[in-house]
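Worksheet for the structure shown next.
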Amino acid sequence: MTKENLVKCEIVKSEEDHASPLRTLIDRNKGFADGFTAADLPMLPKLNTMVLACIDARVDPAYVLGLELGEVVVARNNGGRVTRTFIDETATIAAMVARSFDIVLMQHTNCGAQRLADPAFQAALKDKLGIDVSESAITDQRKDLLTDIDRLRDAPQLPGTLTVSALLYDVESGRVEEIAAPRTLAELRTQRDGTGASAAL
């Protein structure tokens, strides 16, 4: 085999290796589509719930919470944190559907977003990429979940009828722990305005 042909073979192999995940996904979709019976699913989720979770591949809410297609809306980002973007998206959805719904915050153990809490790493990302990751950083999941509830509570664009709760998923045991029981934002705001307390109380 000539050097030129060898290079061509390597290029083809590289392209095949690169494309293989996509082919796998498309092939799996064919199996999904062959048995598809959910064409009449309504746009609004059956459980009237939105789940916010981390993008970590180990933490797919559909598997962790045993969800069926069409049961909940799922939003995912680094760390599963309540960011300004998430607040704006949630406020937009609330305005579109004109109804109350539940928000379940779910963070997890051994999260890669814990690296974002490193001040040196934060500074490097800010300097090189112009990205501020401070609101996505994980320091202590239980405390951060309560902080995120406070972020929702303090967002004036979110209606008080929305209900929020929080779970912590253990990637080693597969179990979730309830960190905060469901409460409406109106209740949390009344508590805040009356006592100055946080969602932790």
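Every read-out reported here was derived from the displayed coordinates using simple, explicitly stated rules and does not represent laboratory data. Just so you know, these numbers come straight off a predicted model, no measurement behind them. Because the Cβ atoms are built from the backbone with ideal geometry, glycine has one as well, and the counts that use them run over all protein chains shown.
Cβ-to-Cβ counts within 10 Å put GLU178, GLU89, GLU172 in ascending order as GLU172, GLU178, GLU89, the fewest first. The relative contact order of the chain comes to 18 percent, based on Cα pairs under 8 Å that sit 6 or more residues apart. Springs between Cα atoms under 10 Å define the GNM used for the chain, and in it the highest mean-square fluctuation of GLY174, GLY79, GLY66 occurs at GLY66.
LEU105 sits among other residues whose Cβ lies under 13 Å from its own Cβ, and their net charge, with Lys and Arg +1 and Asp and Glu -1, is +1. Applying 1/(1 + (r/R0)^6) with R0 = 22 Å to the Cβ-Cβ distance of ALA186 and ASN48 gives a FRET efficiency near 0.80. All other residues whose Cβ lies under 15 angstrom from that of MET96 are scored, Lys and Arg at +1 and Asp and Glu at -1, for a net of -1.
For the chain, what is the mean residue ellipticity at 222 nm derived from helices alone (per DSSP H run of n ≥ 4: -39500 (n - 2.57); sum divided by total residues; nearest 500 deg cm²/dmol)? Helices in the chain give a 222 nm mean residue ellipticity of -13500 deg cm²/dmol. Size descriptors for the stretch 39-195: radius of gyration and Dmax over Cα atoms are 16.0, 51 Å.
If you plug the beta carbon distance of SER100 and GLU172 into 1/(1 + (r/R0)^6) with R0 = 35 Å, you get a FRET efficiency near 0.50. As a calculated quantity, the FRET efficiency between GLU89 and ASP34 at R0 = 25 Å, using C-beta atoms, amounts to about 0.15.
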